Amino acid sequence: MRNIKLLLRQHVGAPCAAIVKAGDKVEKGTLIATPTGLGANIFSSVYGVVEEVTEDAIIIKPDAEQPDKFIPIKKSENKLDMVKEAGIVGMGGAGFPTGVKLGADLDGGYILVNAAECEPGLKHNIKQLEEQAEKTVRGVEYCMEISNASKGIFAIKKKNAKAISAVKAAIKDKPNISIHLLPDIYPMGEERAVVRECLDILLDPTQLPSAAKANVLNAETILRVAEAIEDQKPCIYKNISVLGKLNGGTEARCFMDMPVGISVEDLIEMAGGIDGEYGEIIMGGPFTGKACNLEDPTTKTTGGVIVTIPFPDLHGAKVGLLLCGCGGNEERMRDICAKMNGVVVSVTQCKQAMAAKPGGPLKCENPGNCPGQIAKVMEMKRAGAEYLIIGNCSDCSNTVTTCGTLKMGLKLFHQTDHVMRTIGHPLYRKLTVSKSVDQDLSEF
Amino acid sequence: MSISAEYAQAHKNDPAVLCCRAEAGVVLSEHNLEDPAIFDDLVESGLLNLEGAVTIGQALGATLTKTADSLTPLTADLLEGMKAAEAEAAPAVEEAAPVAVAAPAAAANAGVLKIHIDEGKGIDLEIPVGVMGGAAAPAAAVVAAPAAAEAAAVVAGEEKVVRSLIRKHYNITEVKRGPETKIEGTTLYIREGIEAECAASQELVLDFKLDIVTPAEYNTYSETIMDVQPIATKEGDDELGYGTTRVLDGVVMMVTGVDEDGVQVGEFGSSEGILEENIMWGRPGCPEKGEIFIKSFAVIKAKTNMTRPGPLAIHTATDIITQEIRVAMKKLDDSLVVATEQFDQVRRPGKKKVVICKEIMGQGAMHDNLLLPMEPVGILGGKPNVDLGNVPIVCSPLEVLDGAVHALTCIGPASKEMSRHYWREPLVLECLHDPEIDLCGVVFVGSPQINGEKFYVSRRLGQTVEAMDVDGAFITTEGFGNNHVDFASHHEQIGQRGIPVVGMSFCAVQGALVVGNKYMTHMVDNNKSEAGIENEVLGCNTLCAEDAVRALAMLKAQMAGEPVKAPEKKWNANVKSTNIELIEAARGAKIELVENEQSLPMSAKRKEKYN
């Protein structure tokens, strides 16, 4: 294993302050950095020696031997304190400190388990539910207790039959916990989409789920809560799907309990190594991930590492970008356009995309429900675009395909195309499945 | 893109088309429907066929029976529980809409539409549906029922004459040069050698000539006409807008100039050329055919044509002559008065209170106006609206008619409001004389160069109009392009206060609005040109009586809550004739329309433009 690099900022909030120095011996579970403001404790995820403490990271040279044993966190009657102590953050990608999130009193409301695993290609959330449903359900109960919720709901796509069966079995005698089935559509895992689907409340992009008396937590986050409370285990591991142009096939390898801070290169090596030429390596999912380098470290929020096939060459063709709340930001879209050798002639923005804060990331006012895109497509066409690059959800991609490609003759790329082609997943074009799902669970 | 509930209601008679995929069983709402504003483009390019599409009003609340994709026109076979086509009687004019809008072209020549209005005087209108079908253009919507419900007005208070203005007319039949400036009978003498003083008075003026142009010389060449001014003076100590004004008939001042390099002092077109080919006779701001022009011609320092001092120097030098004539006029005996006019500023409490907001150019360089000089259209005492920060200035209608604006503006000649335009401002006159409304004042607001300043003055205008407690407002502008930014903002500022607004501008083809907002629903296009362009014919596309009549009818309709049809996608000259016919029918009197450039001898320049 190469060096482990633990970023001092792998959560929403301020960077942590290192409390170790070069030369210090550390074990799994040694507290190495503490919050300076909003944040969460950071523990060493390996046995080894601190090699360097930089401005933004602690670099640890791991020992050859890595026993499973770890230094337990302090036992407490107060479960919330244990979650805080364990340094858990939102592991679906957001990275909000869970100890802070669970501190809100939901007044008899809901814990919503985000098990949508919405990013296509990623599999580790579902694998976790298939294998550790009972412990995850206990995690839900702890979260409900801590934040005074009276109900827990698993939001999961109907296609994941095995995971649904496992959860169904685990909640058999728990009338307070139920399952809500989701259609196989992006972005059902968007936080406000989960609230809308489960509770039929459409939140404004500026509102938090607490406005609907709910907390949305990723399935893995909930499992780590159970581990902290039952096993006194600090947040040192992360489940990661590694997929793409790899020796041995493009299917996702789910690496469970990887030490936080392990390099992308180590993960790819474990997965078989890159198979020949490739386009880019993405950290995160195809929609919301970003291009990364082999030496980049993973964090508590890393869900995927994807190696893609090479990009097509547009030979300087004129491209229009359609920005929205579901796909990459403008920087990412321009990055993809540049990698395809296209020239951006027009940048438009979906009418439903808005920044909750000025300059903040775009959020969709009604995730997964298209507001119509024809006017935007016409605008880009008028600007001279021959190609469009979009990062839209399933529904909006369908609209752009229908009006832009099929009717106006524009050529379309979705920002996930190179990933979808790599893993043999259908491209985001025409929508063929229904947005509504029968909630009957008897078949599982 | 999908539309709002409010927008859907406003467009309930437009065709219903899915904006994105909708699944079978969905109860359709505005979220499923595409904005009808983009349909014309789509139909034109063959992407959309609206044949058989039901209206938005019919589709809302209906259930979709088959999953369908974006840009699918909703036809009856796709819907269940569809509402019947609306046939409610209430605002009668809307009955016309399903016919006219749902099938815009096809409905033509389909008989007669009868409209009955219950309120007010119970006016019956008969409108050929074919005409309705071809109605409306960008910046020109159809007046549905002009002057309709107004009759049911609030209890009318006493009419009150606030003040009066007397104009004494003196006829001039000949202009000659002589040893002194004087008027003898109907002959005006201008002192020989005055040109040298005019030139000497202004550092920037390098050369100054004076021409007397008689009708026999209308076929001679002139540089671009920068301004046309009445020759008028106040009597005794009377102030502008009050008391008595003396004015010469049969003669006008005409200001022209170029810079040292021969560049015309003007922007976005100029009217240099043979006079009779480039002047739209009889426009409010233009000479009348038969008038004598006292025409100045100044050469100013190179490159000062696009600065503020350059054009002002030409105007100031010319005014030395005008001022000397004014002094001579003050000595005239009343026996020479050929006609007397009286303008009463009447307030009509209880009637709909309206204000006229005139956007004037204030970008700097020649785009400036001297406001409220001491003499009608004089220089002395006038304040440049640029220096005043272009903020709204409230004038009485009589001040406007008494030469409150000395126009330095040199925008495209066809839409420029010259000094004489304000002297004969048709909208002010129309409102002043209309017994059904209460004109409370005229607000001038400059159009600054910088957008931030545009919004600054526009917000002041909104606040000013709010404080006036009016029932309706006009917004007029000259030129097109940059000034439409503030023009739009003025609509928003006034409209968002719940005040009905009618906008007036040259738009047509070349001057199509560059910006817009939801308050710009009632617009009158001042265009007269055949092709809808800035044709560089002096005054051609300025606000005339026929425009004022339409605007007033439109504002009355709006204040009475009568619907006005939405514009067509492209400029269509028929909109105006339709509206004129509607108003004529309601008034029972013919409205004479002015001629356009086609009545003038064709200039070489125009030949090029129209080919």
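Quick note: the coordinates plus some simple rules give every number you see, no bench work behind them. Not measured: the values here are computed from a predicted model. Glycine gets a Cβ as well: all are built from the backbone with ideal geometry, and neighbour counts include every protein chain shown.
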Q: Specify which residue in the list A:Ala166, A:Ala355, A:Gly244 is farthest towards the positive end of the charge dipole of chain A, using unit charges on the beta carbon of Lys, Arg (+1) and Asp, Glu (-1), about the Cα centre.
A: A:Ala355
Q. Can you list the lysines whose alpha carbon sits under 25 Å from that of B:Lys605, skipping same-chain ones fewer than 8 residues off?
A. B:Lys289, B:Lys295, B:Lys303, B:Lys416, B:Lys528
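For the stretch A:190-233, what class follows from the C-alpha gyration tensor (a ≥ b ≥ c being the square roots of its eigenvalues): rounded when a/c is under 1.5, otherwise prolate if a/b is larger than b/c, else oblate? Intermediate values should be presented prior to the final figure.
Values: a/c = 3.33, a/b = 2.84, b/c = 1.17.
Prolate.
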Q) Which distance in Å, rounded to a whole number, links the C-alpha centroids of the stretch A:240-280 and the stretch A:378-414? A) 32
(Q) Longer than 27 Å from Cα to Cα, which of A:Lys21/A:Lys245; A:Lys123/A:Lys435; B:Lys330/B:Lys358 are they? Say none if no pair is. (A) A:Lys21/A:Lys245; B:Lys330/B:Lys358
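Could you size up the charge dipole of chain B around its Cα centre, putting +1 on the beta carbon of Lys and Arg and -1 on that of Asp and Glu, and report it in debye to the nearest 20? Don't jump to the answer; show the numbers that get you there.
Numbers: 54 positive and 89 negative charges, 105 e Å.
Taking the Cα centre of chain B as origin, the dipole is about 500 debye.
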Q | Shielding score for B:9-20, defined as the mean number of other chain Cβ atoms within 10 Å | A | 2
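For n ≥ 4 DSSP H runs only, could you compute -39500 (n - 2.57) per run for the protein assembly as shown, divide by its residues and tell me the 222 nm figure to the nearest 500? Intermediate results must be reported in sequence, preceding the final value.
Values: 27 runs with 253 residues, N = 1055.
Taking each H run of at least 4 residues, the total per residue is -7000 deg cm²/dmol.
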(Q) Under 5 Å between amide hydrogens, which residues at least 5 positions from B:Gly243 or on another chain qualify, with H placed 1.01 Å from N in the peptide plane? (A) B:Ser164, B:Ile166
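For the protein assembly as shown, what is the convex hull volume of the alpha-carbon atoms per residue, in Å³?
Given the Cα convex hull of the protein assembly as shown, per-residue volume reads 215 Å³.
Among the listed pairs A:Lys411/B:Lys565; A:Lys79/A:Lys158; A:Lys159/B:Lys66, which have their C-alpha atoms separated by more than 29 angstrom in this model? Display every interim value, and only then the final one.
Numbers: A:Lys411/B:Lys565 39 Å; A:Lys79/A:Lys158 32 Å; A:Lys159/B:Lys66 24 Å.
With Cα atoms farther than 29 Å apart: A:Lys411/B:Lys565; A:Lys79/A:Lys158.
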(Q) Taking amide H atoms as placed 1.01 Å from N in the peptide plane, list the residues 5 or more away in sequence, or in a different chain, whose amide H sits under 5 Å from that of A:Asn239. (A) A:Asp257, A:Met258
Q | Sequence-distant residues sharing a close amide H with B:Ile475 (under 5 Å, placed H) | A | B:Cys357, B:Val502, B:Gly503, B:Met504
Q. Between the stretch A:74-124 and the stretch B:172-218, what is the C-alpha centre distance in whole Å?
A. 91
(Q) Taking θ = phi - 60°, what integer Hz values does the Karplus form 6.51 cos²θ - 1.76 cosθ + 1.60 yield along the stretch A:164-181, in sequence order, with x for Gly and Pro? (A) 4, 4, 5, 5, 4, 5, 6, 9, 3, 9, 10, x, 7, 10, 9, 10, 10, 7
Q) Other chains near B:67-73: what is the mean number of their Cβ atoms within 10 Å of each residue's Cβ? A) 5
Q) With the Cα gyration tensor of chain B giving a ≥ b ≥ c as the square roots of its eigenvalues, does the rule (a/c under 1.5 for rounded; else a/b larger than b/c for prolate; else oblate) give rounded, prolate or oblate? A) prolate
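Provide the three semi-axes, in whole Å and in decreasing order, of the ellipsoid equivalent to the stretch B:206-329 as defined by the square roots of 5 times the Cα gyration tensor eigenvalues.
Values: eigenvalues 124, 71, 31 Å².
They are 25, 19, 12 Å, listed from largest to smallest.
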**Q.** Under Karplus coefficients 6.51, -1.76 and 1.60, residue-wise ³J(HN,Hα) of the stretch B:511-516 in Hz, glycine/proline x
**A.** x, 3, 4, 8, 9, x
**Q.** Global geometry of the stretch A:79-231, whether rounded, prolate or oblate, following the gyration tensor of its Cα atoms and the 1.5 cut on a/c
**A.** rounded
(Q) What aspartates and glutamates does A:Lys318 reach when the alpha-carbon gap must be under 12 Å and sequence neighbours fewer than 8 apart in one chain are set aside? (A) A:Glu386
Q) Excluding same-chain residues fewer than 8 positions from B:Lys454, which aspartates and glutamates have a Cα within less than 16 Å of its Cα? A) B:Glu359, B:Asp368, B:Asp387, B:Glu478, B:Asp486, B:Glu492
**Q.** Simple Cβ-charge dipole of the protein assembly as shown, Lys/Arg +1 and Asp/Glu -1, about Cα centre, in debye nearest 20
**A.** 2660
Q) Ranked from highest to lowest mean number of other Cβ atoms within 10 Å per residue, what is the order of the peptides A:276-288, B:381-393? A) A:276-288, B:381-393
Q. Helix by helix, which DSSP H runs in chain B go 20 Å or more along their axis at the Cα atoms and have an average Kyte-Doolittle hydropathy of 1.6 or more?
A. none
Q.
Restricting to bridges with both residues inside the protein assembly as shown, how much of the DSSP beta-bridge set is antiparallel, in percent to the nearest 5?
A. 50
Q: Mind checking A:390-397 for the average number of partner chain beta-carbons within 10 Å of each residue's beta-carbon?
A: 1
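Please state the charge dipole magnitude for the stretch B:569-611, taken about the Cα centre, from unit charges on C-beta atoms (+1 on K and R, -1 on D and E), reported in debye and rounded to the nearest 20. List each step's numbers first, then the result.
Numbers: 9 positive and 6 negative charges, 61 e Å.
Roughly 300 debye, rounded to the nearest 20.
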